[in-house]
Amino acid sequence: MRTIYLDNAATTKLHPLVRKAMSECEEDGFGNSSSLHSAGRKAKEKLDLARETISKKVFAKNHKLIFTSGGTESNNFAIKGLALGSREKKHIVTTKIEHDCVLNTLGFLEKYGYKVTYLDVDKEGLVNLEALENAITKDTLLVSVIHGNNEIGTIQNLKEIGRIVHEKGSVFHTDACQSFTKQPIDMEKDNIDLLTINAHKIYGPKGVGALLVKEGLGLEPLLHGGGHEYGLRSGTVNVPGIVGFSKATEIIGEREIEHMASLRNQLVKGLKDIDDCWLNGPEVDSGKRLCNNANLTFMYAEGEAIVLYLDALGICVSTGSACSSNTLKPSHVLKAIGLKQEQSHGTIRFSIGIDNTTEEIKYTIDCVKGTIEKLRQMCPYKY
Amino acid sequence: MENYSKKVMENFMKPKNMGEIKDASGVGKVGNPVCGDIMWIYIMVSKDKSGNEIVKDIKFKTLGCAAAIATSSMITELAKGKTLADAYKITKADVAKALDGLPPIKMHCSNLASDGLKAAINDYLVKQGRKPMEHTKEAGSSLRS
């Protein structure tokens, strides 16, 4: 049976061009980029080139790009590194729809006396700029706001948020793992001080990411050792992975974005016919939504059951249902946009990839309709 | 989360005895939409040759995850043909065991089927003007005896 992979927000498949670049690097750039000899220098050249390529992609001028093991490490490093490096300010502002690796890092800092303000979002998942402005005080060390939300696809207005954060004299961090290469990011114009990006959401390898750090921020490293990455992140540098990351930044362009958006729109249009079903997050044509994200609630069907029935038909999607999580807690993002628990149980995220086709989406629409009908026949009553 | 056993997946993909019994002798309604699982167990009670009341027919309707649907399907198989007294003794552990186990996190939240069956039996008894059976704390497996 063929697999229709519609979970590209979870991870993507390594692109052949990325694999080729990585494999070439494994061959002629395998050296330790810290070594003095030719093998080391070759690796160092590739590392420098990758750093430059990725920095240019986000118009970084006065920023250091630090390679990390991925989004989780970059977010941990941005928040903990800044907290450790700045002793005075003890307040952090964030939103209720951040990724767990931001929320749990902040929860960790709360144990050490930091105060965290978790901003509400509206029905579409957007932060209220006035509330943001009011939340920032003289004691605010950092404002961390996710750029493209991983569940409902909401894109925040970086430029406005960055402007407010800087006017109020704080530091701006954004987690752009979902939006990187799909949405324009300009470190200077958007007033971004700390930017988290990674490779495996854009057809690059897993285990590779980066944090861009504004000059002079004074972050403390989390990993101490041989002083790699400007002394901010020690450990022999994963040059082949980084070369793959760099190549991956070239995969999604205008054409790919248009392709994914058009398939996403086809999917949403097809599924909206279903009774008691709706799209969560901003409308598809609002310009406030990631091009490949669709998040829908199907009442009277449970998410894990939907995922597993679709899986049996070859379709890979994910759910915001508590029943599929390790904690049995429903999605905090769906809660933040006002979904009741009984609604979030029936919520499915579809995330389109560059290789999906119209036929696959058509098949998916038919399969989802059949699956929802089958599960609703099993449901005892409507509530 | 831990993967489901083959048995769970079989019972989830092709549940047995899904549906309603019109004019059921008793209906057990457990769970709620907030926690994500709702299970209704329908039973038809009749007497066997020796005059014992047995679960002649049993069906279910369930909203919930794979474990909720699989345990519903399994309880109908375990209870069918049993005397009410024996059916009442079926425990969560029995259901899980018959499914070759459930992921630990699902043992309690989605393993409602034995509660649903007990509720159905008591619904029947109460409708008959009789005393409901008492919920005793689960211990051991009634299938082992």
Once both axes come from the Cα atoms, what is the angle between helix A:16-28 and the longest principal axis of chain A, in degrees from 0 to 90, rounded to 10?
30
So the label point goes 7 Å from the Cα of A:L217 along Cα→C-beta, right? Which residues of segment A:155-171 then have their backbone N under 14 Å from it?
A:162, A:166, A:170-171
The whole-number value in µm²/s of the Stokes-Einstein translational diffusion coefficient for segment A:276-322, with Rh from the Kirkwood sum over alpha carbon pairs at 10 °C and 1.306 mPa s, is 133
Count the net charge of all other residues whose Cβ sits under 13 Å from the Cβ of B:E10, scoring Lys and Arg as +1 and Asp and Glu as -1.
+2
Which of these, A:L267, A:L195, A:L211, has the largest mean-square fluctuation under a Gaussian network model of chain A (Cα springs below 10 Å)?
A:L267
What number of lysine-lysine pairs in segment A:259-375 show an alpha-carbon separation below 26 angstrom, given a sequence spacing of 8 or more or placement on distinct chains?
21
Calculate, in whole percent, how much of the Cα-Cα pair population of the protein assembly as shown lies beyond 29 Å.
58
Roll a 1.4 Å probe over the protein chains and send me the accessible area per residue for the protein assembly as shown in Å².
43
List the trypsin sites (Lys or Arg not before Pro) in segment A:169-222 that DSSP assigns to loop (not H, G, I, E or B) and whose Cβ has at most 13 other Cβ atoms within 10 Å. Which are they?
A:K189
Compute the relative contact order of chain A as a whole-number percentage, counting only Cα pairs closer than 8 Å that sit 6 or more residues apart in sequence.
22
Mean shadow area (nm²) of the C-alpha convex hull around segment A:1-128 is 13.1
Peptide B:36-46 - average C-beta neighbours from other chains (10 Å radius):
3
Give the longest segment of chain B that steers clear of trypsin sites (Lys or Arg not before Pro) in DSSP loops with at most 10 neighbouring Cβ atoms within 10 Å, not counting the sites themselves.
B:50-129
For labels at A:N326 and B:H108 in the simple 7 Å Cα→Cβ model, what's the distance in nm?
1.9
For segment A:1-66: relative contact order, % (alpha-carbon pairs under 8 angstrom, 6 or more apart)
16
Using the Cα centre of chain A as origin and beta-carbon charges of +1 (Lys, Arg) and -1 (Asp, Glu), tell me which of A:G370, A:G207, A:I315 is placed farthest towards the positive end of the dipole.
A:G207
Specify whether the C-alpha gyration tensor of segment A:158-266 places it in the rounded, prolate or oblate class, a ≥ b ≥ c being the square roots of the eigenvalues: rounded for a/c under 1.5, otherwise prolate if a/b is larger than b/c and oblate if not.
oblate
Counting other Cβ atoms within 10 Å, keep those with at most 13, restrict to DSSP loop, and tell me which trypsin sites (Lys or Arg not before Pro) in segment A:284-383 are left.
A:K340, A:K382
At R0 = 41 Å, how high is the FRET efficiency between A:R2 and B:S5 if r is their beta carbon distance? Nearest 0.05 is fine.
0.95
Can you compute the equivalent ellipsoid semi-axes for chain B, i.e. the square root of 5 times each eigenvalue of the Cα gyration tensor, sorted largest first and rounded to whole Å?
24, 16, 14
Theoretical gain in end-to-end length, A:D276 to A:A10 [0.36 nm per residue, Cα-Cα removed]
93.1 nm
Per-residue mean of C-beta atoms belonging to partner chains within 10 Å, peptide A:36-42:
0
Net charge of neighbours whose Cβ lies under 10 Å from the Cβ of B:F60, counting Lys and Arg as +1 and Asp and Glu as -1:
+2
Heavy-atom accessible surface that B and A bury in contact, both chains counted, 1.4 Å, Å² to 100:
2100
Quote the Stokes-Einstein diffusion coefficient, in whole µm² s⁻¹, for segment A:16-248, based on the Kirkwood radius over alpha carbon pairs, a temperature of 4 °C and a viscosity of 1.567 mPa s.
72
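Using a 10 Å cut-off around each Cβ of peptide B:57-64, what is the average number of partner chain Cβ atoms that fall inside?
5
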Relative contact order of segment B:6-127 (C-alpha contacts under 8 Å, at least 6 apart) in percent is 32
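The values are calculated or read from the model by the stated rules, or taken from the named source; none is laboratory data. Note that the structure is a prediction, hence the values are computed from the model and not measured. No Cβ is skipped: glycine too gets one built from the backbone with ideal geometry, and neighbour counts run over all protein chains shown. The area values use the complete protein model at the heavy-atom level, side chains included, leaving out ligands, DNA and RNA. Shrake-Rupley method; radii C 1.70, N 1.55, O 1.52, S 1.80 Å.
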